[in-house]
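Heads up: the structure comes next, in structure tokens.
The values are calculated or read from the model by the stated rules, or taken from the named source; none is laboratory data. Quick caveat, the model's predicted, so the values are computed rather than measured. So basically every Cβ, Gly included, is an ideal-geometry build from the backbone, and we count neighbours across all protein chains shown. Surface areas here come from the heavy atoms of the whole protein model, side chains and all, with no ligands, DNA or RNA. Shrake-Rupley method; radii C 1.70, N 1.55, O 1.52, S 1.80 Å.
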Amino acid sequence: MLAGGVGAARLLRGLYALVDPNALTVIVNTADDDEFYGLHVSPDVDTVLYSLAGLAPVKRGWGIAHDSFHCLSALEKYYGPAWFQLGDRDLATHLFRTDALRRGRTLTEVTHAQARALGVRCRVLPMSNERVRTFVRTREAGWLPFQRYLVHHSATETVVNIRFRGIRRARPTQAVVRALQNADWIFLPPSNPFVSLGPIFALPGIRALLAGKRRRVIAVSPIVAGEPVKGPLHKMLSGLGHEVSAYGAAKLLRPVAHFFALDRRDASEAPRIERLGMQPIVTEILLHSAERSRNLAATLLELTRP
Ligand code: FO1
């Protein structure tokens, strides 16, 4: 499965509950990564790991459930008000990662060590060991680093352009390429196709690999009833000239996915999606509970049965 943040983690916990973890590999976006207080924070990697380790807060999705923020309060005395909330236990993850990277370990190696320490049994692979950073250009405030736009600016501005800084020099890791080559099925979660899946697609060779396996790629709509499942996707779709609908998202994913799961509320869009050359699957895709995550995962796994 390819993964962005919270939407991906929710589908993933359903798959993780139903399939042999040894048969599951998660390829995670790292273009959301940023540095705070000299620490390397990798939000999507951590959201996936915490979620699979049963540490993620139920509603918020990111960080660690019931974490405290004493260290952040102390840091604010030196740095001023914090706009990015790093909990005490979460900070241990960023200290561990930053220390290991500084000692010359790759992000892939560090993530592997983290997964083991947290008892996560499937493979979690950062998309690249090289530095890629998402920047969005907003109509109102110009170019912004992604976390600043999403968290500090609460994603209020309209996005008119997106850039993945470093993408031309970055390579997907060997492990990522091999995992995709060997995958029987590939799941695209209800994540933002521009900024969560987009950086993975943009790595050299990945789009072609996915397009070559298109009939075995199952995507889940990140839009339900004209609203994003999570985050500012509607602002990006409209700002970049796309229709804000499940159909609009399907059209973006058509080159790489054959199956497209959409919500019952959007069932009327199924014929248009079919005309795109995709196979629509109308089902319940809002993943508000572990049970719903398992139900959607079970529905998607049905498609993979011979
Ligand atoms: N999202 C927020 O909206 N506010 C935060 O303060 C915040 C802190 C944070 C700390 C660690 C982490 O791993 C994720 C965090 N996120 C926060 C989530 C993150 O900004 C996004 O969910 C992802 O980058 C989008 O996939």
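The Cα-based radius of gyration and maximum Cα-Cα distance (Dmax) for segment 132-248 are 15.1, 44 Å. Here the ratio of the Cα radius of gyration of the chain to 2.2 N^0.38 Å is 0.95.
Remark on PHE260: its backbone amide H falls under 5 Å from those of ALA219, GLN279, ILE281, a criterion applied only to residues 5 or more positions apart or on other chains, H modelled at 1.01 Å from N. In a simple Cβ point-charge model (Lys, Arg +1; Asp, Glu -1; nothing else charged), segment 179-306 has a dipole of about 320 debye relative to its Cα centre.
3J(HN,Hα) couplings calculated from phi for segment 140-154 with the Karplus curve 6.51 cos²θ - 1.76 cosθ + 1.60 (θ = phi - 60°) are, in sequence order, 8, 10, x, 6, 9, x, 4, 5, 5, 5, 5, 9, 5, 8, 6 Hz; Gly and Pro show x. Taking all protein chains as they are arranged and a probe of 1.4 Å, the heavy atoms of TYR247 leave approximately 40 Å² accessible to solvent. For segment 107-198, the percent of C-alpha pairs falling in each 5 Å distance bin, counted from 0 to the bin holding the largest distance, reads 3, 12, 16, 18, 19, 14, 10, 6, 1. Fully extending the segment from HIS288 to HIS152, taken as 0.36 nm per residue of separation minus the present Cα-Cα distance, adds 46.4 nm. For segment 57-71, the residues whose amide N sits under 20 Å from a probe point set 7 Å from the Cα of ALA92 along the beta carbon direction are 57-58, 61-71. Between the alpha-carbon centers of segment 48-70 and segment 179-209, tell me the distance in whole angstrom. Cα centroid to Cα centroid, the span is 25 Å. Protein heavy-atom surface of the chain, 1.4 angstrom probe: 50% of the accessible area is carbon and sulfur, with nucleic acids and ligands not counted. For the listed peptides 162-168, 121-127, 57-63, 280-286, a ranking on the average number of other beta carbons within 10 Å per residue, highest first, reads 121-127, 280-286, 162-168, 57-63. Think of each Lys and Arg Cβ as +1 and each Asp and Glu Cβ as -1; about the Cα centre, that makes the dipole of the chain roughly 840 debye. With the gyration tensor restricted to C-alpha atoms of segment 206-306, the semi-axes of the equivalent ellipsoid amount to 20, 18, 13 Å, longest first. Measuring r between the beta carbons of ARG171 and ARG215 and using R0 = 22 Å, the FRET efficiency lands at 0.25.
Taking a ≥ b ≥ c as the square roots of the eigenvalues of the alpha carbon gyration tensor, segment 34-107 is oblate, as a/c is not under 1.5 and a/b does not beat b/c.
Note on surface exposure: HIS70, HIS242 rank HIS70, HIS242 by accessible area, highest first, 1.4 Å probe.
The charge dipole of segment 179-240, taken about the Cα centre with unit charges on the Cβ atoms of Lys, Arg (+1) and Asp, Glu (-1), comes to about 160 debye, rounded to the nearest 20. Would you mind checking which residues have amide H under 5 Å from TRP143's amide H? H placed 1.01 Å from N; only 5 or more apart, or other chain. Result for TRP143 returns THR138.
Using the Karplus relation 6.51 cos²θ - 1.76 cosθ + 1.60 with θ = phi - 60°, the per-residue 3J(HN,Hα) values for segment 227-234 come to 10, x, 4, 7, x, x, 4, 4 Hz, with x marking Gly and Pro.
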